[in-house]
Amino acid sequence: MIKRIFLIVLDSCGVGAAPDSAAFGDIGVNTLRSCAASPKFSIPHLIEAGLGNLDGIDYLPKTDHPTAALARLQEASMGKDTTIGHWEIAGIVSPNPLPTYPQGFPQEVLEEFEKATGRGVLCNKPYSGTAVIHDYGMEQKETGKWIVYTSADSVFQVAANEQWIPLEELYEGCRKARAILQGDHGVGRVIARPYVGDSPETFQRTSNRHDFSLEPPKETMMDAVKKAGLDSLAVGKIFDIFAGRGTTDHVYNKSNADGMDHTMDYARRDFHGLCFTNLVDFDMLYGHRRDIDGYANALTEFDSWLGEFQKVLGPEDIIMITADHGCDPAYTATTDHTREYIPFVAIGQKVKPGNLGTRKTFADIAATVTELLGVPYASDGESFAKELVEE
């Protein structure tokens, strides 16, 4: 019935505090509402689709004739990070949180990393990615040591100046860190954070970031699609988030615009299956940096692209737009992710428009995708394919 599904994650575009948000330290958060207050915010195509009709949204215009099927989804996993959010979208609920290190990593982990890579370590604290290179970059030049830092997420981040430490050495160092960080210290992601510049005033991160993820603990939606002999295409950091599993082809992004171009390129191919896209700039460039206007403008740019993207789709295609967590740019208590509901918007000629209410887990997306593609898969969620698509 459905030949191609384009599942697009607007990274961190939450739509309001989850019922358990206070337990995660997030009070009154709402990423989309914060962006909607900006003069840079204009999303006519998503408004026409019916985004303003979503449960809990009272700050966007509603429509009597939505063109999309809509739902609000609550996270069932114990986390609010990229890895756990994407795993749940792909069918796996994580009842236990991945380890975090608010006091830095234990000495035994650092010693093993230093021994494996032949370089020492600087920092070892939770830190902003831009601030850490400003504060430690010159010391890295003088000592040749890695800048290791973390955040509220389950991440081991390694920053290195491409002019002083070869990029491939940084990647290899992160591969060694990934091998070390297993079991009790199995963080969701080891992230290579390259930067350039000669002084704190000129230091800036490059687009050569690379994520080395923990493998999902069981079969995902993507594994099932690939196993069924269909195409499973990954755009952006999807390939990294799933440790390369379950993809038949992939491409990385340098920006949101690049990711939208790659998704458009795949749409112009004759494939059968899933195209899973992550657009990370919302989170990385605007959410964490608490840049409301920047985030709002990025949503405006996506909405404009969406209008063009719909024109290239066929009658057996569906676009699904969602998120993986929140990162409210107006929330100043932290610069971390926020525990929020996520939106689900499905657009296509065979989609039955209307509001499907609030659902209990992101994993319902995986169950729905696989049913629509005719792929056997035991998701941790429940499919709403029959409510979504005309018979």
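Among bridges DSSP assigns within the chain, what percent are antiparallel (round to 5)? Bridges in the chain that DSSP calls antiparallel: roughly 35 percent. Taking Cα atoms only, the orientation of helix 256-267 departs from the longest principal axis of the chain by about 50 degrees.
Ordered by solvent-accessible area of protein heavy atoms (1.4 Å probe), largest first, the residues Tyr195, Tyr377 come out as Tyr377, Tyr195. Relative to the dominant Cα principal axis of the chain, helix 364-373 is inclined by about 60°.
Take every pair of alpha-carbon atoms less than 8 Å apart whose residues are at least six positions apart; their mean separation over the length of the stretch 237-391 yields a relative contact order of 16 percent. Considering the options Tyr149, Phe41, Leu356, tell which one lies farthest towards the positive end of the dipole of the chain, charges being +1 on Lys and Arg and -1 on Asp and Glu at the Cβ, about the Cα centre. Final value for the positive-end residue is Leu356.
Relative to the dominant Cα principal axis of the chain, helix 167-180 is inclined by about 80°. On a per residue basis, the stretch 1-69 carries 39 Å² of accessible surface, using protein heavy atoms and a 1.4 Å probe. Label point of Ala228 set 7 angstrom out along Cα-Cβ; within the stretch 342-366, amide nitrogens under 16 Å from it belong to 364-366. Karplus-derived 3J(HN,Hα) values for the stretch 140-145, using 6.51 cos²θ - 1.76 cosθ + 1.60 with θ = phi - 60°, are 5, 4, 6, 10, x, 7 Hz; glycine and proline are entered as x.
Probe of 1.4 angstrom, ligands and nucleic acids ignored: what's the accessible area per residue over the stretch 70-179, in square angstrom? Mind showing how you got there, number by number?
Values: 4250 Å² over 110 residues.
Each residue of the stretch 70-179 exposes 39 Å² on average to a 1.4 Å probe.
Dipole orientation for the chain: of the candidates Pro376, Val190, Thr332, Pro376 has the Cα lying most toward the positive pole (charges on Cβ; Lys, Arg +1; Asp, Glu -1).
Label positions at Glu387 and Gln163, each projected 7 Å from the Cα along the C-beta direction, are separated by 5.6 nm.
If contacts are Cα pairs under 8 angstrom and at least 6 residues apart, what is the relative contact order of the stretch 43-174 in percent? Let's see the in-between values first.
On the way: 162 pairs, mean separation 21.7, N = 132.
So the answer I get is 16 percent.
Here Asp55 sits with roughly 50 square angstrom of accessible surface, probe radius 1.4 Å.
With a ≥ b ≥ c the root eigenvalues of the C-alpha gyration tensor of the stretch 225-344, is it rounded (a/c under 1.5), prolate (a/b larger than b/c) or oblate? Please list the in-between numbers first.
Numbers: a/c = 2.21, a/b = 1.60, b/c = 1.39.
Here the stretch 225-344 falls in the prolate category.
Under a 5 Å amide H cut-off, with hydrogens placed 1.01 Å from N, Ile8 pairs with Thr277, Met320, Ile321, Thr322 among residues at least 5 apart or on other chains. When the helix-only estimate is applied to the chain (DSSP H runs of n ≥ 4, each -39,500 (n - 2.57), divided by the residue count), what is the mean residue ellipticity at 222 nm, nearest 500 deg cm²/dmol? It comes out at -8500 deg cm²/dmol, rounded to the nearest 500. Remark: spin-label model distance Lys62-Ser199 equals 5.8 nm, labels positioned 7 Å along the Cα→Cβ axis. For the stretch 208-353, the solvent-accessible area with a 1.4 angstrom probe is 35 square angstrom per residue.
Across every pair of non-identical alpha carbons in the stretch 92-210, the mean reciprocal distance, once inverted, gives a Kirkwood radius of 14.3 Å. Phi angles of the stretch 326-333 translate, via the Karplus equation with coefficients 6.51, -1.76, 1.60 and θ = phi - 60°, into HN-Hα couplings of x, 7, 4, x, 9, 8, 9, 5 Hz per residue; Gly and Pro are given as x. Mean sequence separation of contacting Cα pairs (under 8 Å, at least six apart), scaled by the length of the chain, corresponds to a relative contact order of 30 percent. Taking chymotrypsin sites (Phe, Trp or Tyr not before Pro) across the stretch 1-73, the ones in a DSSP loop with at most 15 further Cβ atoms lying within 10 angstrom of their Cβ are Tyr59. Extension gain, Asp55 to His272, is 74.9 nm, computed as 0.36 nm per intervening residue step minus the present C-alpha separation.
Remark: the stretch 1-56 projects, on average over all directions, an area of 5.9 nm² (convex hull of Cα atoms). Computing Cα extents along the principal axes in Å for the structure here picks out one of [x] 155, 68, 43; [y] 78, 60, 36; [z] 64, 46, 38, namely [z].
Largest mean-square fluctuation among Gln310, Gln74, Gln107, in a Gaussian network model of the chain whose springs join Cα atoms under 10 Å apart, belongs to Gln107. Between Ser304 and Met1, the FRET efficiency from the beta-carbon distance, with R0 = 25 Å, is close to 0.25.
Only residues of the stretch 90-127 count here: report those whose backbone N is under 11 Å from the spot 7 Å along Cα→Cβ of Glu172, or say none. The answer is 117-118, whose backbone nitrogens lie closer than 11 Å to the label point. When the GluC sites (Glu not before Pro) in the stretch 169-224 are filtered for DSSP coil states and for at most 15 other beta-carbon atoms within 10 Å of their beta-carbon, the remaining sites are Glu201. In this simple spin-label approximation, Glu114 and Gln182 carry label points 7 Å from Cα along the Cα→Cβ vector, and these lie 2.4 nm apart. What residues from the stretch 49-86 fall in the zone where the backbone N is under 15 Å from a label point 7 Å along the Cα-to-C-beta line of Ala330? The answer is 57-61. Surface composition of the chain: carbon and sulfur atoms hold 49% of the protein heavy-atom accessible area at a 1.4 Å probe. Around the Cα centre of the chain, unit charges on the Cβ atoms of Lys, Arg, Asp and Glu (plus for the first two, minus for the last two) sum to a dipole of about 200 debye.
The values are calculated or read from the model by the stated rules, or taken from the named source; none is laboratory data. Because the structure is predicted, anything quoted here is derived from the model rather than measured. Backbone-built Cβ (ideal geometry, glycine too); neighbour counts: all protein chains shown. Protein only, heavy atoms only, side chains kept; ligands, DNA and RNA dropped before computing areas. Shrake-Rupley method; radii C 1.70, N 1.55, O 1.52, S 1.80 Å.
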